[in-house]
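Asker: Below you will find the structure I want to go over with you.
The values are calculated or read from the model by the stated rules, or taken from the named source; none is laboratory data. Predicted model only: the values in this text are computed from it and were never measured.
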Amino acid sequence: MTRGFCPECDAEVNVGKGAKIGQKVTCHSCGAFLEVIETTPIELDWAFDDEEEIDYDEELFEDDDDDW
């Protein structure tokens with residue numbers, strides 16, 4: 001079995017035999033949703049769903065020329 005470490009809780013995570021970059025796994029210890037980002041050695045990072053909506057604070061992006 002191929003294993004990596006969870007970036008959240010540092011637990012060992014089994015990614016299965018023949019891990020591939022982009023493969024998604026879940027940490028059994030803390031429940032973090034992870035993605036394989038390197039295969040030699042196995043490195044895991046938090047996975048983000050492509051369809052996940054990012055909430056931006058619209059006030060930060062308003063075009064307000066009155067402040068200049």
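Asker: Please go through (1) of a type in the set (A, V, I, L, M, F, W, C); (2) outside any strand (DSSP E or B); (3) modelled with pLDDT of 95 or more for M1 and return the number of the only condition it doesn't satisfy.
Answerer: Of everything listed in (1) of a type in the set (A, V, I, L, M, F, W, C); (2) outside any strand (DSSP E or B); (3) modelled with pLDDT of 95 or more, M1 misses just condition (3).
Asker: Could you please give the count of residues in region 21-46 that are in a loop (DSSP other than H, G, I, E, B), farther than 11 Å from T2 by Cα and of a type outside the set (V, I, T)?
Answerer: Here the count works out to 8.
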